[in-house]
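Report on the following structure.
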Amino acid sequence: MLANSPPAISNNTVKERVMRRTNRMQLPSSGWRRSTIRLALTAAALFGLVPVAAALDVTVTRLKSTEGDIVVCLWRSTDEGFPRCAEGRPFKKVTAPASGARVSFPNLPAGQYAVSMFHDPKRTGKPETNLLGIPTSGIGIANNPKMSLTNRPTFEKGKVEIPDVKSIEIEAQYP
């Protein structure tokens, strides 16, 4: 053997090196796998409880005229000012049709909502009222409670639960 040559490697040494590398590349212990599976199942259960977004389809019926627009407003349980549509509020405006007006509010997170509507025959952006502030054009809210001076619309009377409710019908009420 030459003085500068590397030492000869036996077959046993090569096998030992390969075995050491193989052992390092093996999967973690079964305890680790169990923990990972538990974590994955917990995450799946939690994500399964996340509220799913759903669409709410609204149909407005009993319109007395095809003039102007139908304005439908959506309210969250924390919103103030119900049932008056305010600027910045999610709303849909459609031209008053001969039959029922239809609008859709897509991708609503689960929760409590109320829906109000008014017929805007002159396209002023607000309901027509008399000198006392009582609406003279068609108005309505979800669940169609009878409205009067003594039975004013409230969030509770017009509320729907998303995603349980997918579509509603509001009947326009005129004085």
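Just so you know, all these numbers are worked out from the coordinates, no wet-lab data involved. Quick caveat, the model's predicted, so the values are computed rather than measured. Reconstructed Cβ throughout: ideal geometry from the backbone, glycine too, with neighbour counts over all protein chains shown.
Treating only the Cα positions of region 54-171 as identical point scatterers, give the base-10 log of I(q)/I(0) from the Debye formula at each q in 0.14, 0.15, 0.24 Å⁻¹.
With no solvent term, the Cα-only Debye profile gives -0.53, -0.61, -1.58.
Per residue of region 124-138, in order, report the coupling 6.51 cos²θ - 1.76 cosθ + 1.60 (Karplus, θ = phi - 60°) as ³J(HN,Hα) in whole Hz, putting x for Gly and Pro.
8, x, 8, x, 6, 9, 8, 4, 8, x, 7, x, 10, 9, x
Apply 1/(1 + (r/R0)^6) to the Cβ-Cβ distance of Ser65 and Arg38, taking R0 = 41 Å, and write down the FRET efficiency to the nearest 0.05.
Once rounded, the FRET efficiency stands at 0.05.
What FRET efficiency would be calculated for the residue pair Ala54, Ile134, taking the C-beta separation as r and a Förster radius of 30 Å, to the nearest 0.05?
Approximately 0.30, to the nearest 0.05.
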